[in-house]
Ligand code: FES
């Protein structure tokens, strides 16, 4: 059975087989999620948030709960540990390096307007 998952803020959706991890679904959708451990729940770089109550996702497993240490209460999940079993929406935070570059470019554009 295929299920749909949507990634915000891009709004890209993809159909994946039920039980696919959010990380693998993001790769199929072409939505980059940072990772260093490639899905072994070691790097904690694949954090995503659930903007809505997403009943289509697997419950937290013990490993994920231990790693998140309370962050799950704010809707944070590890994309590599969370599986999709029904319609789901997840929000992918902006890459911090890309955000830094974007801010620097905005500052530069503001400075250019002054001259
Ligand atoms: S990919 Fe490293 S913790 Fe999820």
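Just so you know, all these numbers are worked out from the coordinates, no wet-lab data involved. Not measured: the values here are computed from a predicted model. For neighbour counting, all protein chains shown are included, and Cβ atoms are generated from backbone atoms with ideal geometry for every residue, glycine included.
For a paramagnetic label modelled at 7 Å from the Cα of residue 2 toward its Cβ, which residues of segment 80-115 fall within the zone defined by backbone nitrogen distances under 12 Å? Within reach of a label on residue 2, which here means backbone N under 12 Å from a point 7 Å along Cα→Cβ, segment 80-115 contributes nothing.
Its DSSP H runs of at least 4 residues, each contributing -39,500 (n - 2.57), put the calculated 222 nm mean residue ellipticity of the chain at -9000 deg cm²/dmol, to the nearest 500. In segment 2-114, the convex hull through the Cα atoms has an average projected area of 7.9 nm², a quarter of its surface area.
Using a Gaussian network model of the chain in which every pair of alpha carbons under 10 angstrom is joined by a spring, one finds that among 96, 32, 51 the greatest mean-square fluctuation is at 96. Of all DSSP bridge pairs formed entirely within the chain, close to 75 percent run antiparallel. By the beta-carbon count within 10 Å of each Cβ, the least crowded to most crowded order of 22, 84, fewest first, is 84, 22.
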